Each structure stands twice: as C-alpha cells, then as structure tokens.
1. Under a 5 Å amide H to amide H cut-off, with H placed in plane at 1.01 Å, what residues pair with T119 once short-range neighbours are removed?
2. So, with +1 on the Cβ of K and R and -1 on the Cβ of D and E, and no other charges, what is the size of the charge dipole of the range 271-322 about its Cα centre, to the nearest 20 debye?
3. Is the range 323-391 rounded, prolate or oblate when judged by the Cα gyration tensor, a ≥ b ≥ c being the square roots of its eigenvalues, rounded requiring a/c under 1.5 and prolate requiring a/b larger than b/c?
4. Determine the alpha carbon to alpha carbon distance for each of K256/K290; K290/K316; K91/K290; K242/K316 and list only those over 18 Å.
5. Given axes a ≥ b ≥ c from the Cα gyration tensor, I'd like to know whether the range 210-310 is rounded (a/c under 1.5), prolate (a/b larger than b/c) or oblate.
6. Can you give the charge dipole size of the range 174-234 about its Cα centre, rounded to the nearest 20 debye, using +1 on the beta carbon of Lys and Arg and -1 on the beta carbon of Asp and Glu?
7. Mind checking Rg over Rh on the range 286-361, alpha carbons, Kirkwood formula for Rh?
8. Lys/Arg Cβ at +1, Asp/Glu Cβ at -1, dipole of the range 223-306 taken about the Cα centre: which of P304, V250, V269 is farthest positive-ward?
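Read the figures in this text as sums done on the coordinates, not as results from a lab. For clarity, every value in this text was computed on a predicted model and none was experimentally measured. Reconstructed Cβ throughout: ideal geometry from the backbone, glycine too, with neighbour counts over all protein chains shown.
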Amino acid sequence: MHKKHSPLSLMLVLALVAVACNQVGAPTGQPSAPGATDAQASTPGGTDSQPSAEPSGGAPSGPPASGGEAVTCETPLRVGLVTDVGRVNDKGFNQSAYEGMLAAEEAAPTCFETDFIETTSQSDYARNIAEFAENDYDVVIGVGFLLGDSLGDAGMEFPEGKFISVDGVPGEGHDESWATNGESLFFAEDQAGYLAGVLAASITESDVIGVVGGLLVVPPVERFVEGYINGAKATNPDIEVKFTYTSSFVEPEQGKAAAQQMIDEDADVIFAAGGLTGTGALIAACDADKLAIGVDTDQYETLPEAQSCLVSSATKNIVKAVQDSLLRIAAGAFTPGFHTDDASTNGIGLAPYHDQAEMVTPEIQTLLDETFQGLADGSVQTEVVVDGKTE
C-alpha cells in the first residue's frame, strides 16, 4: 500500500479539487459556460473499459445525503482506492477518482482515513482489492470497469465491507452481493455527447462533422456517439454527421484511418469516443488542420499531440461522484446499486476551450449554456436509444 499524503501535496491536490468541483460546466446563479473554465473534473478511460451490458436507469446520485450539513463521525472509516493500471497523478481517470476521495476526506475529516494502491498489471486487480478487504477496510474503491468482477468477488467474500466501482459493474457470477454492499457510479454519456454535438455543429464551416466511436456493443460508446449526432442535428437539421464504430479500443491507426476518411469527405470537426483508437482520430484531425473534440477527460491535458486542434472534451465529473458516494456512506445513507450522474448533478460537461477559446463566440456560448440548463431540468432530451431504451 502506498500512503503518500504529505501536507504539501495534499494541499495542492485539494486546491485543484476545490477548483474543479466549483467550475464544472453547470449553472450557479447565471448559467456558467460549459468549457469556459480553466479546470474541469472529469474521467478518462471510461470508453475504453466499459461493460458490454450496463444496468439501465438508476437515479442521479445527487448531492451528499447529509443534506448539505457537515458530516462528522466518532470513528473514521478506512477507505482504500485501487487504481486501474497507472498512477494517481495520471491527469486522468485514476487521478480524478483519487481527488474525489481526498475531497471527501477534506469535507469530513473526522470520517475518513484514506490509502491507495497503484496497479501495475491487470493481473493484480484481485490481489490489490484483497489487500484492503482482508485488512478490514470499510470501503474499497475500484477505478474502471475492468476491476468490476474483482470488486464483486470481494463483496461476496467480505459482506460487511462496502465496495464502489467507478464506471463499472461486476458481471454475472460476480454480482451476487452487489445489491447489498456494492455501488456502481455511472454517467450520462448521451448528455455529454449531445453537448459536444451542439458545439461541433456551431463551429463547423463545411456543415459536415464526424465521430469515431469504439465498439458498438459498449453502451457508453453508443450513448456518446448517438448523443453527438442528435445534438448536432438539433442545432442544424441540415448538417451531415458521419460516424463509424471501430473494432478495437487500442488501435490508434484504425482511428486515424476512420477519421481521415471523414475528413476526405469534408468533415472539419472530429469527435472521438474510443480509447486509444479514438486518440488516433483526434491526432488525424490535427494533422489535417481540422478541429477535434475529446472525451471523458480534458484531453488537452492528457494528449499533447492534439492540443493544436482540440476545441474541448465531453467530460464526466468523477471527482464529485466519488466524493458524494463517500459522504453518503459517512452519513449512514449508503444506497447500493447503480447511480448515474448527469447534467442535473453537474456530472457531465465540456472541458475548457484552451487555445480555441476565441472560436466559441458569445452566441455559441449562450447556446451551450441554454442546452446544458435544458439537459439539467429535462426540457432538452437527447432522444438517444440504446438497446431499445430511450435515454
């Protein structure tokens, strides 16, 4: 186990968390602009490691169950976080979950003692989770879908513990106790994709845009893609949206080829939701001097090769989701099952525009603000259909 909470590093991380949680693209008084801030809490890795079948529905997790009051505890809960392969300072999926854990600790310092293990190989998932569970940790967090089965197995073996899967769920045969002591944190990818589509339709000059998705059988990918298409067409009914689903999440060259074909057919904005395959599509857009929109995290920060053409990224707010889940547990309001964060809970948004900020005019920004507000209050529907269900 690696406990690395030096006072200085903790203060720096928590400062970043405070900025991120306060600036995600949601209304506060006057609607704040999706993408207009300098910090965004979001997650990478979701679309390259998602379940092939995800429980549908699930109420937004909303604010902590404490009702906004400070939570205090007589005895702190021991919380252990297991990363997907990578580090807690990866500027992406793992770091967002880690910062969410630290944010909960800062919000309720008497309630949590936190630790983490950085996974170096997928074969270590079960071992790392067991390291916490066998040592009587009260809560174990696993980051990413690939840890879902191991979390479910630990949940069955240690029924007194609580287990949180970020963006994942145990599969059949591993989920017998999940409805009792497990919680899956999901996000409304259709809404994030819809915002990206509105943005793309607003900045295209050719009225042709494209989207490269990962595997069609992965529902979050389909939600991103279909949301993007519907958002673009709601903005401009005459726009042409080219789309393709690839056969891999880990083949950048396949993503490049798919994006290049769209570019050859006049697409001048490319959205990608397909892991490493998707990053290839973004890089292809930059190489062709076109515009790009990333996914999950602020890919301007994580994909330097695409900085020159990235306008924004369709993001998930994992920091807040993890923080809220832990605060619910501390308040005695653990609700096992599935929770989906969306615009109404500040769970999705657009990353900052960075070098392309001048491209987003006040008129476009107003449209994005109004769209976000409509998604949050239900007056705007994405009309995305996945597995026969409208999102």
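1. Hits under the 5 Å cutoff: T83, G86.
2. My answer is approximately 240 debye.
3. It is oblate, given that a/c is not under 1.5 and a/b is not larger than b/c.
4. K290/K316; K91/K290; K242/K316
5. Verdict is rounded for the range 210-310.
6. Around 200 debye, computed over the range 174-234.
7. With Rh from the inverse mean 1/r over Cα pairs, Rg/Rh is 1.15.
8. The residue sitting most towards the positive pole is V250.
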